[in-house]
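Down below is the structure, laid out as structure tokens.
The values are calculated or read from the model by the stated rules, or taken from the named source; none is laboratory data. Predicted model only: the values in this text are computed from it and were never measured. Please note: Cβ atoms are built from the backbone with ideal geometry, for glycine as well, and neighbour counts cover all protein chains shown. In case anyone asks, the SASA skips ligands and DNA or RNA and just uses the protein heavy atoms, side chains included. Shrake-Rupley method; radii C 1.70, N 1.55, O 1.52, S 1.80 Å.
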Amino acid sequence: MCNHILNERFIKYGENVIDLAISNVKAGGLPFAAIIVHQDGEMIGKGVNQVAKNMDCTAHAEIQAIREASRNKKNVSLKGATLIASGEPCALCYMAIRIAEIMKVIIVSNRYESEKHGFDYLWTYQYCNTSLFDELEIVKLDNDRKLLPFQLANPNFSG
């Protein structure tokens, strides 16, 4: 029963992260958004890709969400939390996720789906030790709207 409630909650947060990504695209941003959920089910952080807006190459959605969650929890450790992302995190973001001690990542669209829509960050993984992926629980959440943010976005970006 408890797992069913958690699954329903993650499905709802999956919808929320898609809506957040769409809002970011409509505001002129990229289709990447992330939400961090505390183990009690409360959303403690959210973020969108703001690389171009902030002129900050580290302002990826996942890192923005980690920053907000850490401020909200007043702790750099987010152990027990789950990160939900509209697109699979790049290597930089996976490293930040691990440093923040987040051990569960739910992705709405994977790196190959992002690439097919003009957002190719596959090259970042060559700089990542693949053992990192063995330490994390990475789950793909199916959603009929998963590609909508990417379809609405302009793939001519840098960041």
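Here are K74, K79, K46: which of them is more than 15 Å from K104 (Cα to Cα), of a type in the set (K, R), surrounded by fewer than 14 Cβ atoms within 10 Å (Cβ to Cβ) and modelled with pLDDT of 95 or more? So that I can check it myself, show each step before the final result.
Working: K79 fails: more than 15 Å from K104 (Cα to Cα); K46 fails: surrounded by fewer than 14 Cβ atoms within 10 Å (Cβ to Cβ).
Testing whether each residue is more than 15 Å from K104 (Cα to Cα), of a type in the set (K, R), surrounded by fewer than 14 Cβ atoms within 10 Å (Cβ to Cβ) and modelled with pLDDT of 95 or more leaves just K74.
Check whether at least one residue in the range 129-148 is at positive phi and open to solvent by 20 Å² or more (accessible area, probe 1.4 Å), and report yes or no.
In the first step, residues of the range 129-148 are kept if they are at positive phi; the result is none.
Checking the range 129-148: not a single residue is at positive phi and open to solvent by 20 Å² or more (accessible area, probe 1.4 Å).
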Expected output for the range 61-73 (first residue more than 19 Å from P31 (Cα to Cα), partner hydrophobic (A, V, I, L, M, F, W, C) and open to solvent by 20 Å² or more (accessible area, probe 1.4 Å), Cβ below 6 Å, 6+ apart or cross-chain) is S70/V76
Please enumerate the residues belonging to the range 82-115 that are open to solvent by less than 40 Å² (accessible area, probe 1.4 Å) and of a type in the set (V, I, T). T82, I84, I97, I102, V105, I106, I107, V108
Just the residues that are part of a helix (DSSP H, G or I), over 14 Å from F32 (Cβ atoms) and of a type in the set (S, T, N, Q), please, taken from the range 85-135. Q126, S131
From G41, G29, grab the single residue that is open to solvent by less than 20 Å² (accessible area, probe 1.4 Å), modelled with pLDDT under 95 and assigned to a loop (DSSP other than H, G, I, E, B). G41
